[in-house]
Amino acid sequence: MLELQKYMASFDPETFEVAGAVAKKRYLSDLRGCFEDTSAYEAALATQDALLYQVTSIEPADGEGDLHYGIGVLMPGRIGNEYFMTKGHLHTWRGAAEIYIGLRGEGAILLEDESGGNGRLLPLRANQIVYVPGHTAHRTVNTGNVPLSYIGVYPARAGHDYAAIAARNFNHVVIKQNGKPVMQGRNAAVA
Ligand code: S6P
Ligand code: ZN
């Protein structure tokens with residue numbers, strides 16, 4: 001029985017918390033340096049160090065061909081015109097791909113090649129599945145008004161390299177422009 005239990009997980013359909021697992025929480029202060037509008041960031045942080053997202057990682061096995069997965073919940077909101085988002089990362093094993101499955105809410109995944117070029121924005125919402133190829137930095141963005149929930153499935157040995165992104169940030173931002181999400185180059189005039 002115990003052996004089988006490690007291959008199962010149940011999540012709450014409202015909170016997306018997983019029974020028996022601890023969610024890792026990321027607050028506004030954890031994303032220092034990520035948002036383009038630094039004065040809007042400091043003003044928001046001075047008001048409240050808000051919870052931006054939480055991820056529950058499930059790691060049933062660590063063998064060569066095994067998989068891990070995470071259930072994420074990303075809050076709605078913006079810093080200036082830029083939507084709330086995850087820190088974003090490359091996989092330590094650069095070739096590792098990932099599948100994202102949207103569960104609830106309206107969002108998108110920002111992709112960039114390892115070099116920081118070739119920015120792409122793919123929608124993520126219920127019934128939408130996104131394939132993140134290897135060698136691709138990925139960051140999730142909530143473009144809606146309710147929490148965005150999703151599952152990401154990746155190789156057990158993918159690993160998460162946050163340092164590479166912390167050093168250069170993404171070269172593209174996702175902002176609200178005329179009521180809609182738009183991807184543009186960082187440091188372009190903010191509309
Ligand atoms: C893991 C996968 C997701 C993210 C989650 C939070 O490979 O891509 O589970 O961990 O979206 O984002 P981040 O960038 O803080 O790990
Ligand atoms: Zn990933």
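Laboratory data are not the source of any read-out in this text; all were calculated from the coordinates shown. This one's a predicted model, so the numbers in the text were calculated from it and none came from an experiment. We place every Cβ from the backbone using ideal geometry, glycine too, and count neighbours over all the protein chains shown.
At-a-glance table
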{"read-out": "Helix 38-47 vs. the chain, principal-axis angle (Cα, 0 to 90°, nearest 10)", "value": "70 degrees"}
{"read-out": "Neighbour cut-off at most 15 other Cβ (10 Å), DSSP loop, trypsin sites (Lys or Arg not before Pro), the stretch 62-113", "value": "R94"}
{"read-out": "20 Å reach of a label modelled at A19, 7 Å along Cα-to-Cβ, counting backbone N of the stretch 58-72", "value": "58-61, 69-72"}
{"read-out": "Non-local Lys pairs in the chain, i.e. 8 or more apart or on different chains, that have alpha carbons under 22 Å apart", "value": "5"}
{"read-out": "Rg/Rh ratio calculated on Cα atoms of the stretch 151-191 (Kirkwood radius)", "value": "1.14"}
{"read-out": "Over the stretch 60-158, volume per residue of the alpha carbon convex hull, in Å³", "value": "93 Å³"}
{"read-out": "For the stretch 43-98, alpha-carbon Rg and Dmax in angstrom", "value": "15.5, 46"}
{"read-out": "For the chain, average projected area of the Cα convex hull in nm²", "value": "11.1 nm²"}
{"read-out": "Under 5 Å, built H, 5+ apart or other chain: amide partners of T136", "value": "H91"}
{"read-out": "Charge tally in the Cβ shell below 9 Å around K87, where Lys, Arg are +1 and Asp, Glu are -1, K87 excluded", "value": "+1"}
{"read-out": "Integer Hz, Karplus 6.51/-1.76/1.60 couplings in order for the stretch 8-15, x for Gly and Pro", "value": "10, 8, 10, 10, 5, x, 9, 9"}
{"read-out": "Alpha-carbon Debye profile of the stretch 106-171, log10 I(q)/I(0) at 0.14 Å⁻¹", "value": "-0.45"}
{"read-out": "Simple spin-label estimate for T47 and N187 in nanometres, 7 Å along Cα-Cβ", "value": "2.8 nm"}
{"read-out": "Relative contact order of the chain, defined on C-alpha pairs under 8 angstrom at six or more residues apart (%)", "value": "22 percent"}
